[in-house]
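Worksheet: one structure, shown below.
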Amino acid sequence: MSIDTKQNQEMILSEKSLEVQKMFDKISGKYDFLNRLLSAGQDIRWRNYMIKKLPKIQNKTGTLYDVACGTGDVLFSTATKRNDYQNLTGFDISNGMLEQAKERGKSKFSHIYFQQASAENIPAQDASADAVTISFGFRNVDKREKALQEFHRILKNGGTLFILEFFPAKNNIMAKLFDFYFKKILPKIGGIFSDKSAYEYLPKSVSSMPSGNEFIKTLSEIGFIEIEQKCWLAGATRLFKAVKKS
């Protein structure tokens, strides 16, 4: 195992990260249900597309770290669909989300390891992952550039980073539609089943994300190459793929 258990200590979190942690602890029990409802199941399709794009590991002993893993969707799907990844670890700052993940995986996926950690300080050894994924969690990270540097550190040379996230839409009409949905519709639906304030937070977090070109530039400056992006919904959802230079 490439996890550094000595670093499994109390996390030092910023004020924003503490707020995010409390919010996700609060909604963890309803998180999966609301994700499916609010995205009409599209979040599953997008994640599965990402999993399909994971680099092939010839010796069938691939290592995947999923950051901001939530209730374990990416890891459970990877274990089901990709037999070339045998070492699967999820990190999340929310203990509530991790408890949900452990409960979901305790029978069929007991080999998947979960650990509480922030994206800015991942308790994993240098150059130990074939792939690092983060889906719909990067916008919640406080120190994003530091997190990207961590992803780069823990990837093997030639390893691949995948970031699946909401970004501001490229099309003005689509941007206005999403703005209306995020600000007017989503909080009301979320409030019926869970915590309304958590779903009022979503549009604020999306609006804080950079443009696609700005994000590509940041990835390049950190040391990633072969940077690609796949867009859905006029760029409102994007998958970035970037390789750590050998």
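Structural remarks
- Rough spin-label spacing in nm, given labels placed 7 Å along Cα→Cβ, for residue 180 and residue 211: 2.5 nm
- Shape category assigned to segment 171-225 from the gyration tensor of Cα positions, a/c cut at 1.5: oblate
- Leading residue at positive end of dipole, segment 5-244 (Cβ point charges), from 85, 23, 98: 85
- Its residues counted as N, the chain yields a C-alpha radius of gyration over 2.2 N^0.38 Å of 0.96.
- Pairs exceeding a 29 Å alpha-carbon distance, out of 53/106; 53/184; 156/230: 53/184.
- Contact order normalised by residue count of the chain, Cα under 8 Å, 6+ apart, percent: 19 percent
- Taking amide H positions as modeled 1.01 Å from N, with prolines and chain starts lacking one, the residues under 5 Å from residue 114 and 5 or more places away or on another chain are 90.
- Across segment 85-91, rounded Karplus estimates of 3J(HN,Hα) from the backbone phi angles (6.51 cos²θ - 1.76 cosθ + 1.60, θ = phi - 60°) give 10, 10, 10, 10, 9, x, 10 Hz, Gly and Pro being marked x.
- Restricting segment 75-172 to trypsin sites (Lys or Arg not before Pro) in coil, as DSSP defines it, with at most 15 other Cβ within 10 Å: 106, 108, 170
- Of the chymotrypsin sites (Phe, Trp or Tyr not before Pro) in segment 165-246, those whose Cβ has at most 14 other Cβ within 10 Å and which sit in DSSP loop: none
- Straight-distance crosslink candidates among aspartates and glutamates, where the alpha carbon sits under 12 Å from residue 241 and sequence neighbours closer than 8 are dropped: 165, 226, 228
- Cα-Cα pairs of segment 111-246 separated by more than 18 Å (percent): 58 percent
- Karplus-based coupling profile of segment 119-127, in residue order and whole Hz: 5, 7, 8, 8, x, 9, 6, 4, 6, with θ = phi - 60° in 6.51 cos²θ - 1.76 cosθ + 1.60 and x standing for Gly or Pro.
- Amide H contacts of residue 85: 62, each under 5 Å away and 5 or more positions distant or on a separate chain (H built 1.01 Å from N in the peptide plane; Pro and chain starts excluded).
- Taking every DSSP helix (H) stretch of at least 4 residues in the chain, weighting each as -39,500 (n - 2.57) and dividing the sum by the residue count yields a mean residue ellipticity at 222 nm of -12500 deg cm²/dmol.
Values in this text are rule-based calculations from the coordinates and carry no lab data. Note that the coordinates shown come from a computational prediction; the quantities given were computed from them, not determined experimentally. Neighbour counts run over all protein chains shown; Cβ positions are idealised from the backbone, glycine included.
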